[in-house]
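Below is one structure, written out as structure tokens, with a few remarks after it.
The values are calculated or read from the model by the stated rules, or taken from the named source; none is laboratory data. On a predicted model such as this, the values are computed, not experimentally measured, just so you know. Please note: Cβ atoms are built from the backbone with ideal geometry, for glycine as well, and neighbour counts cover all protein chains shown. The accessibility values were calculated without ligands, DNA or RNA, using every heavy atom of the protein model including side chains. Shrake-Rupley method; radii C 1.70, N 1.55, O 1.52, S 1.80 Å.
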Amino acid sequence: MRFKIPMPLSSILREQRKWGRKLTTAMRALPTIDAPKPARARANRSGLVEVHAFGHNPGRLRMLEFVPSTKAERGALVVVLHGCLQTAQGFDHASGWSRMAREKGFVLLYPEQTKQNNQNLCFNWFRPSAVARDRGELMSIRQMIEHSAARHGVAPDRIFIQGLSAGGAMAAALLSTYPDLFAAGQIVGGLPFGAARDAMTALSVMKSGANRSPSEWGDLIRQVRPDTQAQPAISIWHGSADHVVAPVNARASLVQWLDLYGLNEQDGVEVVTASGKSLVWKDRQGRVLIEFRLIDGLDHGLPITRRAGTTERQPYMLEGAISAPVQFYRSFIKPV
């Protein structure tokens, strides 16, 4: 049987090429649809950045920093230690520290506790192994401070520390053990150094304090303090209505530092400012060595200025008319 081909094969191929060219032209004329762009990574609202390689980190803590885009000529490093049930980011967002650091041009360092060390995220201020010189969490924080100060060119006399609650007790341990490292420290709702030796005594001291004489409190620091003339300024803040860390602990902290610095309690001078009353003790050059502020009616937490429109609340952040971070900056950190 013979098949009749209606059109030569060459003609068929020419037609295919012709229609192919028309189809290509038509496709080019169609509107193009851009591929979806990948979602941009969201920066931390606090601006804190984690630093990993700062030392061998025996206390297994995290290190987070805030570095302003423009640093002040007389810049500073401010170390901030959060309290229990808090994180560095949450503390920073509520306290306003990074906003102030951006405006004033100083560097912030946040050591952060981990749940592997403490389920409640408390710094282990009551464990001798955690607060021994060059060991544990204390050594980790020292490594962070030295790393940050060297990397950002901070002068040795421009390092400051603030701590709240367990962070306040840890700040007291650092100020006691490494006095040469700090110009000043603020202990908010904290406890005196050496007040407890384990978790059980820590709970007891937090509730009722510990009964020691002034010299016994001072000796606890003298036993760990190196041979130095350094006297970092100490600012002690506590609420009179604190139901977590009894105010008697603020009194013990005051007695401890007065004894260490050889100051008499009756020589304290009351200072009245727009932000409230405080007692201060100065050295012979007129520099404030100790500031004591017992805030009437304040519960346990960090006093911060009330921010209009703020709806998100952080644990142990007490909004009101006074800010402990702002006052610490104005009294001790602000360059003169």
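Tabulated values for the structure
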| read-out | value |
| --- | --- |
| Residue match in the range 255-270 (condition: surrounded by 14 or more Cβ atoms within 10 Å (Cβ to Cβ) and on the phi > 0 side of the Ramachandran plot) | no |
| Every pair of residues 6+ apart whose Cβ atoms lie under 8 Å, when the first sits in the range 109-125 and is closer than 14 Å to N57 by Cβ while the second is among the β-branched types (V, I, T) and open to solvent by 20 Å² or more (accessible area, probe 1.4 Å) | E112/T87 |
| Members of the range 129-161 found to be open to solvent by 50 Å² or more (accessible area, probe 1.4 Å), under 24 Å from T201 (Cα atoms) and not basic (K, R), listed by number | S129, D134 |
| Failed criterion for S278 (all others in (1) part of a loop (DSSP other than H, G, I, E, B); (2) open to solvent by less than 30 Å² (accessible area, probe 1.4 Å); (3) polar (S, T, N, Q) hold) | (1) |
| Any hit, the range 257-272, residues being in contact with a strand residue (DSSP E or B) (Cβ under 7 Å, 6 or more places away or on another chain) and of a type in the set (S, T, N, Q) | no |
| Residue list for the range 232-254, filter: open to solvent by less than 20 Å² (accessible area, probe 1.4 Å) and either farther than 18 Å from G301 by Cβ or at pLDDT below 95 (or both) | P232, A233, I234, A252, L254 |
| Any hit, the range 40-50, residues being hydrophobic (A, V, I, L, M, F, W, C), modelled with pLDDT of 95 or more and part of a helix (DSSP H, G or I) | no |
| Among the candidates L164, L181, L108, L174, residue that is open to solvent by less than 10 Å² (accessible area, probe 1.4 Å), more than 13 Å from the chain's Cα centre (by Cα) and not hydroxyl-bearing (S, T, Y) | L174 |
| Set A88, A72, A76: member being closer than 28 Å to R306 by Cα, within 12 Å of the chain's Cα centre (by Cα) and either modelled with pLDDT of 90 or more or open to solvent by 100 Å² or more (accessible area, probe 1.4 Å) (or both) | A88 |
